[in-house]
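To start, the structure itself, in structure tokens.
None of the figures in this text is laboratory data; all of them are computed from the coordinates on show. Keep in mind the model is a prediction, meaning the values are calculated, not measured. Using ideal geometry, Cβ is built from the backbone for each residue, glycine included, and neighbour counts are taken over all protein chains shown.
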């Protein structure tokens with residue numbers, strides 16, 4: 001696709017006119033406020049390109065939002081971000097494009113929160129309400145026939161809340177959401193809601209390690 005500078009002017013962080021190698025943290029100081037934008041174990045070159053990818057793929061005013069297919073949009077963002085694809089798509093890039101890298105998923109989520117903080121607050125509120133309704137259901141006395149209607153009301157509330165939560169997630173992530181990114185958003189909001197114990201954090205990290213192992217195994221049989 002062919003783009004012009006004007007196509008990107010509405011983006012929250014317009015990285016398009018800045019050549020590769022630009023220090024985006026100096027150009028856009030807001031990035032320095034959030035740890036999610038700093039990939040500590042990666043080179044500055046890789047980090048810069050990932051930030052570009054996130055902006056191109058998930059900014060609500062990116063011209064790439066006209067691409068309905070999620071993966072097609074993301075791979076177009078990869079090209080714009082400056083990743084070298086001459087020898088094919090590196091496995092590391094393929095993984096984060098498919099939302100299989102939790103650190104980069106968190107960068108995506110942080111960027112989307114910055115551009116739509118109200119949506120995030122509504123999301124957390126709805127998730128809290130969902131957890132409370134689930135707790136009510138688990139503690140419900142199913143042997144009491146008089147409570148049948150009340151139980152049905154709780155189940156209806158849960159269904160409605162799940163539908164609303166999925167809709168908010170889709171809007172917040174610029175209709176660019178998949179199963180693993182949705183999981184990351186749940187993990188992210190849960191971690192911010194409560195102070196995770198070391199055991200809970202280890203369990204969350206282990207689940208993402210299992211995702212990576214699954215991907216590597218799948219690639220062997222591709």
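What distance in nm separates the simple spin-label points at residue 9 and residue 79, each placed 7 Å from Cα in the Cβ direction? It works out to 2.5 nm between the two label points. Hydrodynamic estimate: the Kirkwood radius of the stretch 51-150 over Cα pairs, inserted into Stokes-Einstein at 4 °C and 1.567 mPa s, corresponds to D of 78 µm²/s.
Each principal axis of the Cα cloud of the stretch 5-114 was evaluated for its coordinate range; sorted largest first, these ranges are 33, 33, 26 Å. If R0 is 22 Å, what FRET efficiency do you get for residue 159 and residue 121 from their C-beta distance, rounded to 0.05? Efficiency, from the Cβ-Cβ distance: 0.45.
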